[in-house]
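To keep things clear, I will list the structure first and then write my remarks on it.
Just so you know, all these numbers are worked out from the coordinates, no wet-lab data involved. Keep in mind it's a predicted model, so treat the numbers as computed, not measured. Positions of Cβ are generated from backbone atoms using ideal geometry, with glycine treated the same way; all protein chains shown enter the neighbour counts.
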Amino acid sequence: MLIDIHAHFGQASAGAVPATRLATYAGVSGIDFLLVSNCDAAAEPAGAANLDETDANVACLEACQRQPRLVPLYWVRPGRVDSSVYAFTGALASEPFAAAVFAPAASGFDAGDKVLDDYLSVLAGIGRPAVFCVGDDARAAPGKICEAARRHAALSVVLCPCGAGDARRRECVEVARRAQQRGGAGVYVDTSHAGAAEVRAAVEALGAERVLYGTNALSFGDSHVPRHIALLEELRGLLPGGQFQQVTADNAMQLFRLGKRASGVAR
């Protein structure tokens, strides 16, 4: 079993990747489940589709129904008129969204804004994680995200670098390490844009149980497939014992509650 927790598809945004291409990537790479959100909900930068929150998430559900390897994540646009915590609560309760995605830079909000609290409270109450897209934009600073998480002790948060530089990725690991020391919020990091040695360093700093395999597919275009097949082979050699299995499958299976889905999908 292999699970990639980090991918975005779209049709209307500049440079967006169709869901069919993500499904092809998953199949060729041996990925059983690829967690996806619809980047057409992004409001920034120029050229973003800025699609209504409900419409974007309905499109995500429909795409995942057609591609059984894809697992839908709900893209939240907090602070915008089309975003309602009541609609959000209903969607998470009635549809197969595995988590919610918060993209501060792309959706035009600050991770420190209290407008997130109602959404995070819902997620904490139903035991679903909050997935944060972390770039170099100050609005998506890992410290701000973890401070918001601390206000919701039962919440699990996943920090997913989206094109972030080396320093920001190291900051994600350090912030997660400090969160572990304090207790309370469960903070995870994914492996997007990291090399094998960097992934091993994250495992050593946090423990394999707090690192998730994610690639920000298909951010490397045509080279994404061979790059990540090679990365998986390197990780098999670098991570001892059951750590490879934890990072590439078991953690995601538990955190995103994929067990029932896995038992019901024929390959």
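Rounded to the nearest Hz, the phi-derived 3J(HN,Hα) couplings of the range 130-137 under the Karplus curve 6.51 cos²θ - 1.76 cosθ + 1.60 (θ = phi - 60°) are 9, 9, 10, 7, 10, x, 8, 5, where x marks glycine and proline.
Would you give the gap between the C-alpha center of the range 140-195 and the C-alpha center of the range 204-235, rounded to a whole Å? What the calculation gives is 17 Å, centre to centre. For the range 57-114, just say rounded, prolate or oblate: build the C-alpha gyration tensor, square-root its eigenvalues into a ≥ b ≥ c, call rounded for a/c under 1.5, and beyond that prolate if a/b exceeds b/c, oblate if not. Judged from the Cα gyration tensor, the range 57-114 comes out prolate (a/c at least 1.5, a/b above b/c).
Taking Cβ atoms as reference points and 13 Å as the exclusive limit, the residues near residue 129 contribute a net charge of +2, counting Lys and Arg as +1 and Asp and Glu as -1. Close amide H partners of residue 70, meaning residues 5 or more places away or on another chain with modelled amide H under 5 Å apart, are 34. Sequentially through the range 152-163, phi angles give Karplus couplings (6.51, -1.76, 1.60; θ = phi - 60°) of 9, 4, 8, 7, 9, 10, 10, 8, 10, x, 10, x Hz, Gly and Pro residues having no value and appearing as x.
The H on the amide N of residue 218, modeled in the peptide plane, is under 5 Å from the matching H of 8, each at least 5 residues off or on a different chain. Between the listed residues 43, 115, 237, the Cα displaced farthest toward the positive end of the dipole of the chain, a dipole computed from Cβ unit charges relative to the Cα centre, is found at 237. For the range 69-79, backbone phi angles converted through the Karplus equation (6.51, -1.76, 1.60; θ = phi - 60°) give residue-by-residue couplings of 7, 8, 10, x, 10, 8, 8, 9, 10, x, x Hz, Gly and Pro being listed as x. For the range 51-143, applying the loop criterion from DSSP together with a ceiling of 11 other beta carbons within 10 Å to the trypsin sites (Lys or Arg not before Pro) yields no site. Estimated from helical segments only, the mean residue ellipticity of the chain at 222 nm is -12500 deg cm²/dmol, where each DSSP H run of four or more residues counts as -39500 (n - 2.57). Annotation: extensible slack from residue 230 through residue 54 equals 59.6 nm (criterion: 0.36 nm per residue apart, minus Cα-Cα distance).
Labels on offer are [x] 32, 25, 13; [y] 61, 22, 16; [z] 24, 22, 18, and the one holding semi-axes √(5λ) of the Cα gyration tensor in Å computed from this structure is [z].
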